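Each remark here refers to the structure printed beneath this line.
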Amino acid sequence: MIKILFFASLKDQLKTESIELPANENQCVDMLLKHLSTRDAIWQKALSNSALCIAVNHTIAVKSTVLKTGDEVAFFPPVTGG
Amino acid sequence: MVKLIKVQTADFNQQQEYERLRDHPSTGAIVTFTGLVRDISNGENINALTIEHYGIMTQKILAELVANARKRWSINDCTVIHRVGDLQLRDQIVFVGIASLHRGEAFAACEFIMDFLKTQAPFWKKETNAEGKQYWVDAAQSDQRALEKWR
């Protein structure tokens, strides 16, 4: 399984904090995003935001990052702490 | 190098943090930065602030920022504290303190850590305006530009 987390405005838009999906062989972040975007128009719009940030196992990742079972993927808007 | 990194809901005491940084006998300079909740943000009157974070990643990123600062400057001691949860006007949000031999290193390292914290550490601010409406804060372009001086 892959654990997927959403934070801040993205979590509010999707009304979802976390989900789990089965891991597919050679699946990259982009494929996961495409899969999630098929849920409905809200997901499609929120996940197509060009400013979307990605982390895999707590490290900043990119759309081509390959995922494996047990990974934790996080999607979030640009950070605003400090 | 000693270091202290904390993410917490509780407030922090500047004097205590300063005294801890002052402990190293070769320290000749301490620079501290404190960020506060202010009443105006992007032209809006603000009544309160909530800060969300991605716990495990936050700790990891803050540790990396401190390690990167240490590669560039000689640092005796370093403290980074960031609060999360519900905050009110004038509350303390963030503290960065650097103890080093000379002031130049302490000033630079403190600014370096703050510049990267603001653009890389996974914290998000949600403001409550005077009418009680809540909204997520957008990232500022000026924070990205601030990184250019460290390239």
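So with the 1.4 Å probe, I'd like the accessible area per residue for chain A, rounded to whole Å². Intermediate results must be reported in sequence, preceding the final value.
Working: 4250 Å² over 82 residues.
Here the residues of chain A average 52 Å² of exposed surface.
State, in angstrom, two size descriptors of chain B derived from its alpha carbons: Rg to one decimal place and Dmax to the nearest whole number.
Cα-based Rg and Dmax for chain B come out at 15.8, 51 Å.
Rg and Dmax in Å for chain A, alpha carbons only: what are they?
Just the Cα atoms of chain A yield Rg and Dmax of 11.9, 39 Å.
Using only Cα atoms, find the angle between the long axis of helix B:55-72 and the longest principal axis of chain B, and express it within 0 to 90 degrees, rounded to the nearest 10.
40 degrees
Where only protein heavy atoms count, and the probe is 1.4 Å, what is the accessible area per residue for segment B:82-151 in Å²? Don't skip to the end; give the middle numbers.
Working: 3480 Å² over 70 residues.
In whole numbers, segment B:82-151 has 50 Å² accessible per residue.
For the peptides B:57-63, A:26-32, what is the packing order when you average, over each peptide's residues, the other Cβ atoms within 10 Å and list the highest mean first?
Numbers: B:57-63: 19.7, A:26-32: 16.3.
Descending mean neighbour count gives B:57-63, A:26-32.
I need the GluC sites (Glu not before Pro) found in segment B:95-132, filtered to DSSP loop residues with at most 14 other beta carbons within 10 Å of theirs. Intermediate results must be reported in sequence, preceding the final value.
Working: sites: B:Glu105, B:Glu111, B:Glu127, B:Glu131; in loops: B:Glu131.
For GluC sites (Glu not before Pro) across segment B:95-132 that sit outside H, G, I, E and B with at most 14 neighbouring Cβ atoms in 10 Å, the list reads B:Glu131.
Give the residue from A:Gln13, B:Cys110, B:Trp136 lying farthest towards the positive end of the charge dipole for the protein assembly as shown; charges sit on Cβ (+1 for Lys and Arg, -1 for Asp and Glu) and the dipole is referred to the Cα centre.
The residue sitting farthest along the positive end of the dipole is B:Cys110.
Taking Cα pairs under 8 Å and at least six residues apart, what relative contact order does chain A come out at, in percent?
Details: 133 pairs, mean separation 34.9, N = 82.
With pairs under 8 Å counted, the relative contact order is 43 percent.
Report the A-B buried area as the accessible area lost on both sides summed, probe 1.4 Å, in Å² to the nearest 100.
Values: alone 5160 and 8680 Å², together 12080 Å².
Summed over both sides, the interface buries about 1800 Å².
Return the aspartates and glutamates within reach of A:Lys34: Cα separation strictly under 17 angstrom, same-chain partners fewer than 8 residues apart disregarded; answer none if there are no such residues.
A:Glu20, A:Glu25
Give me, ordered by chain and number, the residues 5 or more places off B:Ala48 or on other chains with an amide H under 5 Å from its own placed amide H.
Amide H neighbours of B:Ala48, under 5 Å, 5+ apart: B:Thr128.
Take every Cα pair under 8 Å in chain B that's 6+ residues apart, average their separations, divide by the length, and report that relative contact order as a whole percent. Before the final figure, lay out each step's value.
Details: 281 pairs, mean separation 50.2, N = 151.
Here the relative contact order equals 33 percent.
Report, to the nearest whole %, how much of the accessible area of segment B:2-133 belongs to carbon and sulfur atoms, 1.4 Å probe, protein only.
Numbers: 3000 of 6340 Å².
In segment B:2-133, the share of accessible area belonging to carbon and sulfur is 47 percent.
Could you estimate the translational diffusion coefficient of segment B:1-77 from the Stokes-Einstein equation, with Rh from the Kirkwood formula over C-alpha pairs, at 25 °C and 0.890 mPa s, in whole µm²/s?
On the way: Rh = 15.3 Å.
Answer from the Stokes-Einstein relation: 161 µm²/s.
The values are calculated or read from the model by the stated rules, or taken from the named source; none is laboratory data. All values reported here derive from a predicted model rather than from experimental measurement. Methodologically, a virtual Cβ is constructed for each residue, glycine included, from the backbone with ideal geometry; neighbour enumeration extends over all protein chains shown. The protein model used for the area step is the full one, side chains on, heavy atoms only, and it has no ligands, DNA or RNA in it. Shrake-Rupley method; radii C 1.70, N 1.55, O 1.52, S 1.80 Å.
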